[in-house]
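Visitor: Before I ask anything, let me first share the structure, which is written out below as structure tokens.
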Amino acid sequence: MYKYQSLEAWKRAHAAAVLVMRVTDEPHHPRTRSLFEQLRRAAISVEANIVEGYALTTPALYRRHLRIGMGSAAEAECLARIAGELGYLSGDLVKQIETHLGGAMRALHGLLQKPKVIAT
């Protein structure tokens, strides 16, 4: 197991990405396509930036990628909320996505306060 997998931020981001991919993979009205594609990219970006920053093992690059991941999490949260308000996703699904992303953002904030860089 790679050590980044022990990070709470990664666990939450991974759960959010998997959930978003599952719920946006089902057939939906064509109007949802661009919103869902952007939501998927943002959710994947959170997890990917945590892993990439961790793998780079330099404090400056690690922090940079954590900040990018934080921005992607906020973007995904916003897009999920829009999808819910438009009726493209149920309120329950939006809440689940927001819970995972909120947890990832809190954990990312903690890592940014006291970053630990450990080689994978």
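Visitor: Which whole-number percent gives the relative contact order of the chain, counting Cα pairs below 8 Å spaced six or more residues apart?
Guide: 37
Visitor: What is the magnitude of the charge dipole of the stretch 23-70 about its Cα centre, with +1 placed on the Cβ of each Lys and Arg, -1 on the Cβ of each Asp and Glu, and no other charges, expressed in debye to the nearest 20?
Guide: Numbers: 7 positive and 5 negative charges, 52 e Å.
For the stretch 23-70, the charge dipole is close to 260 debye.
Visitor: Turning to a different aspect of this structure: Viscosity 0.692 mPa s, temperature 37 °C: what is the translational diffusion coefficient of the chain from Stokes-Einstein with a Kirkwood Rh over Cα pairs, rounded to a whole number of µm²/s?
Guide: Details: Rh = 14.3 Å.
Roughly 230 µm²/s, to the nearest whole number.
Visitor: Give me the 1.4 Å probe accessible area per residue for the stretch 42-120, excluding ligands and nucleic acids, in Å². Spell out each step's value before the answer.
Guide: Numbers: 3930 Å² over 79 residues.
On a per-residue basis, the stretch 42-120 sits at 50 Å².
Visitor: Taking the Cα centre of the chain as origin and charging only Cβ (+1 Lys, Arg; -1 Asp, Glu), how large is the dipole, in debye to the nearest 20?
Guide: Details: 16 positive and 11 negative charges, 91 e Å.
Approximately 440 debye in magnitude.
Visitor: Taking a cut-off of 24 Å between Cα atoms, list the lysines near LYS114, but don't count ones fewer than 8 places away on the same chain.
Guide: Reachable lysines: LYS3, LYS11.
Visitor: Let me ask something else. Tell me, what % of the accessible area of the chain is carbon and sulfur with a 1.4 angstrom probe? Show your work: numbers first, answer last.
Guide: Numbers: 3660 of 6620 Å².
Exposed carbon and sulfur together represent 55 percent of the surface.
Visitor: Where Lys and Arg each count +1 and Asp and Glu each count -1, what net charge lies around GLN96 among other residues with Cβ under 13 Å from its Cβ? Don't skip to the end; give the middle numbers.
Guide: On the way: positive: ARG12, ARG22, ARG81, LYS95; negative: GLU77, ASP92, GLU98.
Around GLN96, the charge tally is +1.
Visitor: Still on this structure: For the modelled label position 7 Å from the Cα of ARG106 along Cα-to-Cβ, which residues of the stretch 1-31 have backbone nitrogen atoms closer than 17 Å?
Guide: Flagged as within label range: 7-16.
The values are calculated or read from the model by the stated rules, or taken from the named source; none is laboratory data. Remember, predicted model here, so these are calculated numbers, not experimental data. Neighbour counts are summed over all protein chains in view; Cβ atoms, including those assigned to glycine, are modelled from backbone coordinates with ideal geometry. Keep in mind that these areas ignore ligands, DNA and RNA; they rest on the heavy atoms of the full protein, side chains included. Shrake-Rupley method; radii C 1.70, N 1.55, O 1.52, S 1.80 Å.
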